[in-house]
Every structure is written in C-alpha cells, then in structure tokens.
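Trainee: Here it is: the structure, laid out below.
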Amino acid sequence: MHKMLVAGNWKMHGTLSDALAYAEALRPREGVEVAVMPPFPLLHALAEPLAAKGVALGAQNAFYEQKGAFTGEVSPAMLVDAGCRFVILGHSERRHILGESDEVIAKKLAAAWEAGLEPVLCIGELLEEREAGKTEEVLTRQLAILAQFRGEMKPLTIAYEPVWAIGTGKTATPETAEAAHAFVHEELARTFGRDVRVLYGGSVKPENALALMERPGVDGVLVGGASLKAESFNAIIAAGAEAAARKQEEVGA
Ligand code: PEP
C-alpha cells in the first residue's frame, strides 16, 4: 500500500505574508504526507516554516537543463537548493495553455531525477477525449514516456487529473476515479516496470475528499483551488488521514 499524499498546487496565487500565515495555520495529520506547491518566488521563504511542520515543499514546474542561458526558466537544481522535494510536471495547464509536449515533459522528468527531485507527473484526458471513449488511449500515450526509464528506481508520483474536472467544480465520481486509477496502476506496471502512488486531482474539496481517497488505488489528492485556504486544505488533510486509517484497517482485517 502506498503512503497517502495530500498536495496543494497554489498555481499563480499567493503573497509572502499570506504564505507565512498559511504555513503557520497548517495542521498535518498522522498517516498522511502533506506537500505544498507555491509559486517560485515563495519557495525559499516557505522551506523552513513548512519543514518545521513536517510538510514537504514542491514546485509547479522546472526546466530540463540545470543551468545556462535560458532566460526566465528555473532549473531542478535550483529547486533542490530552495528546499523542494517535489516538482509537478506535465500539469494540464502547461500542456494545454503553454503547449508542453510529452517529449519536453520526458526531458524534464530526466532532469528532475538527475537533481534529486520527486516528480508529480500529471496525466489526464480532455472532455472530448472522454466523450469519444479515448480516455485509456490518452493515458497510455501520456504514460508511454516512462518506458525509456523502465527498471530505474526513481521516485515518482502520478496525478490523474481529468482536464474537464480541473477548476470547473465538476469532480469525477469516486467510481470514475477508481476505474481510471486501476487502469493507470496497471499501465504503470507495464510501462515503467513498477507501480507508484497515483493521486486524483480535479475539483477536490473538503466535501468530496474522503469519498475519493477511500477508493482503492486512489493514493491521495492533488488540490488546486481548495488548497488556497489553510482551513479547507486542513479539512482535506484530515480526510486523507481518515482514508488512510480505513485502508489500513482493511489490510489488517
Ligand atoms: C490542479 O490544478 O491540479 C487542480 C486539481 O485544480 P482544482 O483542484 O482547482 O480543480
């Protein structure tokens, strides 16, 4: 069984004073790992207050080179220097707004691993792809970049984020999430040669977090909007701890 992870992707939100107050208000729980992914300018300032709470720091993106003449880019090595453990790669906003291809994402994965980061690789289908019955085809294609790293014991977390559920208020039902997660776990074993933690992302809120996380194969959540306020993120962390405890009971039963 994978350890449950509740991760908050702040996207392009947050000021220094808000971020410090947020770190102070965070309430991590036993049995669940917690990570916060703020924008780049807040990373250094949050590293210590989050570490003091046992909360991991992550970034939302990284470039595929460690240094050089790449104006405006941030390297994986810089993220490690800022105290990051995680980096989100292949988020749908980067794939669909900024045109990031699987080829570029594969190069970023390799660079993140080289620097010692744990990538949170986001995958997920568009609404028209789901409606055309192409969900599994899309997930297979997005996971295919892992084949070149097959057999390598690199730390990796996958986030299954159906694009139609991100920031829309439309959450996948627990049944839909469970089915997609089962497929992703199988595909990971086939492509990457090993199974890893698979998070669900897409309009996760305190009200639906437990129902999603208690499903088999849902090893945590990647939360956007509802991670922006410590109060709602704390409620999702509590749901993660509850889901982890229930799954532990089932294993022991
Ligand atoms: C995300 O950005 O990864 C995300 C899941 O956003 P939201 O929770 O707002 O849908």
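The values are calculated or read from the model by the stated rules, or taken from the named source; none is laboratory data. Keep in mind that this is a model prediction, so the values were computed, not measured. Cβ placement follows ideal geometry from the backbone for every residue including glycine, while neighbour counts extend to all protein chains displayed. To get the accessible areas, we keep the full protein, side chains included, count just its heavy atoms, and leave off ligands, DNA and RNA. Shrake-Rupley method; radii C 1.70, N 1.55, O 1.52, S 1.80 Å.
Trainee: Could you give every pair whose Cβ atoms fall below 6 Å, whose first residue belongs to the range 190-207 and is basic (Lys, Arg), and whose second residue is in a loop (DSSP other than H, G, I, E, B), counting only separations of at least 6 or pairs across chains?
Mentor: Between residues of the range 190-207 that are basic (Lys, Arg) and residues that are in a loop (DSSP other than H, G, I, E, B), the close pairs are 197/2; 197/219.
Trainee: So residue 193 ticks every box in (1) within 24 Å of residue 19 (Cβ to Cβ); (2) over 14 Å from the mean Cα position of the chain (by Cα) but one. Which box is left unticked?
Mentor: Every condition holds for residue 193 apart from (1).
Trainee: Something else about it: For the range 14-23, state whether one or more residues are at pLDDT 95 or above, in contact with a strand residue (DSSP E or B) (Cβ under 6 Å, 6 or more places away or on another chain) and outside any loop (DSSP other than H, G, I, E, B).
Mentor: No, because not a single residue in the range 14-23 is at pLDDT 95 or above, in contact with a strand residue (DSSP E or B) (Cβ under 6 Å, 6 or more places away or on another chain) and outside any loop (DSSP other than H, G, I, E, B).
Trainee: Looking for whichever is more than 28 Å from residue 109 (Cβ to Cβ) and either within 16 Å of the ligand (Cβ to nearest atom) or of a type in the set (S, T, N, Q) (or both) here; the options are 228, 199, 210. Which one fits?
Mentor: The conditions single out 210.
Trainee: Turning to a different aspect of this structure: Kindly provide the set of residues from the range 90-105 that are among the charged types (D, E, K, R) and either under 17 Å from residue 162 (Cβ atoms) or within 12 Å of the ligand (Cβ to nearest atom) (or both), ordered by number.
Mentor: Scanning the range 90-105 gives 93, 94, 95.
Trainee: When the residues of the range 1-21 are filtered to those that are away from the ligand (no atom under 16 Å from the Cβ) and closer than 20 Å to residue 220 by Cβ, which remaining residue is surrounded by the most Cβ atoms within 10 Å (Cβ to Cβ)?
Mentor: My answer is 4.
Trainee: While we're looking at this one, here's another question. Within the range 81-92, track down each residue that is in a helix (DSSP H, G or I) and open to solvent by less than 60 Å² (accessible area, probe 1.4 Å).
Mentor: Of everything in the range 81-92, just one residue is in a helix (DSSP H, G or I) and open to solvent by less than 60 Å² (accessible area, probe 1.4 Å), namely 92.
Trainee: Across the range 190-238, what is the number of residues that are open to solvent by less than 10 Å² (accessible area, probe 1.4 Å), closer than 15 Å to residue 5 by Cβ and of a type in the set (Gly, Ala, Ser)?
Mentor: 4
Trainee: Residue check, residue 171 against (1) over 16 Å from residue 211 (Cα atoms); (2) hydroxyl-bearing (Ser, Thr, Tyr); (3) within 15 Å of the ligand (Cβ to nearest atom), all met but one. Which one?
Mentor: (1) is the only condition that residue 171 fails.
Trainee: Then there's this: Which of the residues belonging to the range 113-168 are touching a strand residue (DSSP E or B) at 6+ places or on another chain (Cβ under 9 Å), away from the ligand (no atom under 11 Å from the Cβ) and outside any helix (DSSP H, G or I)?
Mentor: Within the range 113-168, 117, 118, 119, 121, 123, 154, 155, 156, 157, 158 meet the criteria.
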